[in-house]
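> Structure provided below as structure tokens; questions to follow.
Every number in this text was worked out from the coordinates using simple rules, so none of it is lab data. In this text, all values refer to a predicted model and were calculated from it rather than measured experimentally. Cβ placement follows ideal geometry from the backbone for every residue including glycine, while neighbour counts extend to all protein chains displayed.
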Amino acid sequence: MIAKNLILASLAVCASATAAQAQLKLCNRTSYVLYAASGYAQGVNAATQGWTRIVPGTCQTAIKERLSAHGYFVYARTSLGHAGQMRAWGGGQKLCVKDADFALTTPLASARCPADDTFDRPFAGVDTHRAKSWAMTFDETPAFASMKEAQAAGLKRLLKDEGAKIGAIDAKPDKATDAALAAFRKRMNMAANASASDLFDALETEALKTTAPAGYAVCDDSDKPVWVALGEDKGGKFFSRGWWKIAAGGCAKAITEPLAADRIWILAQTPGGVPIVYGPNKFCTTNIEFEIQGRENCAKRGLVESGFAETKVKGLLGFTAHVSDKGLLLPAKK
């Protein structure tokens, strides 16, 4: 079960007729680190694959084969390391994806995705004009004039997400950004001439530890999939729901609206049912997908009583819980 009402940003997907060495190249002229999925029509089926990570000011190959399908589709979302609501670039074609890296073939006309760890996202169609190679660019509004400007703004955005006091997210050089970059390099023991690619990698990794989009996301930092359930207090009424299957290295957004509670409780276990994140707070669960009101008399109601761990989210609009076989990983304090 995956939360599906991701906010679709009012930002355009812009295609370009520029020939490319790669067969389908995706370029990022935004200030966000993007994760893109691509797909194409294959008879009555749709083949989708992802995720292609694209840092600001760069291009990446999404499909290496020569383009021969009648229709191609793309979808992109911002990194979970960015603060605020998750933004997405897409359109009106619902196609199936997974949280972790994937390659799927599903019926185009299917009303729902086939497996419990797959879910749909709204892809935009890309008209390649039957060219064998194609390049397209993701833009934001207002658009940056060049890829270099997007790269400069992208570094500012991640510095701000990571906690630095940065003003406008633009391409203009300023002393605050220079000082924040120097401090970050020093803290991370990075060379003064570290490449932009290295900086984006390090900044996103650190931002993922401390920021979250609006809502509640869970990331699996282990090398095996996990199953996750949450407990909530909504106006004095307790609810528990699950399960979200999260692939190794993947993330799932379990609550999509801004948080309004003081705490959220979480239970994570292996596919074999062994708890790896748990605690003393009791909620009712089942071994299949569930949403249960109340946490009392679980056994009398034919339910299982399970212990959940508490995560404190008071005053936060968003939170990302990182789980592993070592338990719940709390953000590092600065």
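> Residues Lys300, Lys326: which one is among the basic types (Lys, Arg) and under 27 Å from Thr205 (Cβ atoms)?
Working: Lys300 fails: under 27 Å from Thr205 (Cβ atoms).
After applying the criteria, what remains is Lys326.
> Out of everything in the stretch 196-224 that is over 27 Å from Leu159 (Cβ atoms) and out of contact with any strand residue (DSSP E or B) (no Cβ under 8 Å at 6 or more places or on another chain), what residue ends up being surrounded by the most Cβ atoms within 10 Å (Cβ to Cβ)?
Lys224
> Quick one: in the stretch 118-170, of everything that is polar (S, T, N, Q) and not in a loop (DSSP other than H, G, I, E, B), which residue is surrounded by the fewest Cβ atoms within 10 Å (Cβ to Cβ)?
Applying the filter and picking the extreme gives Thr137.
> Touching a residue at least 40 places away in the same chain (Cβ under 8 Å) and either within 30 Å of Arg187 (Cβ to Cβ) or surrounded by fewer than 19 Cβ atoms within 10 Å (Cβ to Cβ) (or both), is that true of Val304?
Taking the combined requirement at face value, the residue does not satisfy it.
> Could you say whether any residue in the stretch 225-248 is touching a Cys at 6+ places or on another chain (Cβ under 8 Å), within 22 Å of Asp120 (Cα to Cα) and either surrounded by 14 or more Cβ atoms within 10 Å (Cβ to Cβ) or of a type in the set (Gly, Ala, Ser) (or both)?
Scanning the stretch 225-248 turns up at least one residue that is touching a Cys at 6+ places or on another chain (Cβ under 8 Å), within 22 Å of Asp120 (Cα to Cα) and either surrounded by 14 or more Cβ atoms within 10 Å (Cβ to Cβ) or of a type in the set (Gly, Ala, Ser) (or both).
> For the stretch 41-111, which strands (runs of 3 or more DSSP E) that fit wholly inside it have 3 or more residues that are aromatic (Phe, Trp, Tyr), in contact (Cβ under 8 Å) with a residue 24 or more places away in the chain and touching a Phe, Trp or Tyr at 6+ places or on another chain (Cβ under 6 Å)? I'd like the intermediate steps shown before the answer.
Working: elements: 45-54, 59-63, 72-78, 93-97, 102-107.
Those strands (runs of 3 or more DSSP E) span 72-78.
> When residues of the stretch 307-321 are filtered for being of a type outside the set (Gly, Ala, Ser) and either touching a Ser or Thr at 6+ places or on another chain (Cβ under 7 Å) or surrounded by 19 or more Cβ atoms within 10 Å (Cβ to Cβ) (or both), how many remain?
5
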